[in-house]
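Would you mind keeping the following structure in view while I ask a few things?
The values are calculated or read from the model by the stated rules, or taken from the named source; none is laboratory data. Being a predicted model, the structure only gives us computed values, none of them experimental. Cβ placement follows ideal geometry from the backbone for every residue including glycine, while neighbour counts extend to all protein chains displayed.
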Amino acid sequence: MKTENETLGINEPMNDLNIKLYDNRESILIKLDEVIDFLYNKSLNGRITKPESDKVKISWFKALAYTCSIYSQIKRDVDLDEIKDKIETMNNEIKKLNEAKRYEKKS
């Protein structure tokens, strides 16, 4: 019988899991991408031996939807941070240009 970690495709034992692996968004997105692939394949290709076990397939789809939602939220946060950095860079460039214009007027 597989453990929950093995079922989810997590290779590391939960007790030895290095939390620092999940400190940055890129690492989290990579892991979530792997989980999404696993859940997608499991929900479409998982073997169900009894018709009443369709509830299992529904739970896989729910897990897939939830994981995609989390992935999307993190990705949106990454995108917002990138936009913030670009705006900050542009503001700094504008300040430099304004300072250069003031210097030219004084000369």
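Out of LYS62, LYS42, LYS106, LYS101, which single residue is farther than 22 Å from ASN24 by Cβ and in contact with a Phe, Trp or Tyr (Cβ under 9 Å, 6 or more places away or on another chain)?
LYS42
Then there is this: Any chance region 46-62 includes a residue that's modelled with pLDDT of 80 or more and of a type in the set (Gly, Ala, Ser)?
For region 46-62, residues modelled with pLDDT of 80 or more and of a type in the set (Gly, Ala, Ser): present.
State whether one or more residues within region 80-88 are modelled with pLDDT under 85 and in a helix (DSSP H, G or I).
Within region 80-88 (the criterion being modelled with pLDDT under 85 and in a helix (DSSP H, G or I)), the answer is no, since none of the residues qualifies.
Okay, next question. Would you mind stating whether ALA63 is of a type in the set (A, V, I, L, M) and touching a helix residue (DSSP H, G or I) at 6+ places or on another chain (Cβ under 6 Å)?
Judged against the criteria, ALA63 is a match.
In addition: Output the number of residues of region 15-45 satisfying the condition of being of a type in the set (S, T, N, Q), modelled with pLDDT of 70 or more and part of a helix (DSSP H, G or I).
Here is the first cut: in region 15-45, the ones of a type in the set (S, T, N, Q) are 15, 18, 24, 27, 41, 43, 45.
From the residues that got through so far, the ones that are modelled with pLDDT of 70 or more too are 24, 27, 41, 43, 45.
If we keep only those that are part of a helix (DSSP H, G or I) too, we end up with 27, 41, 43, 45.
Number of matching residues: 4.
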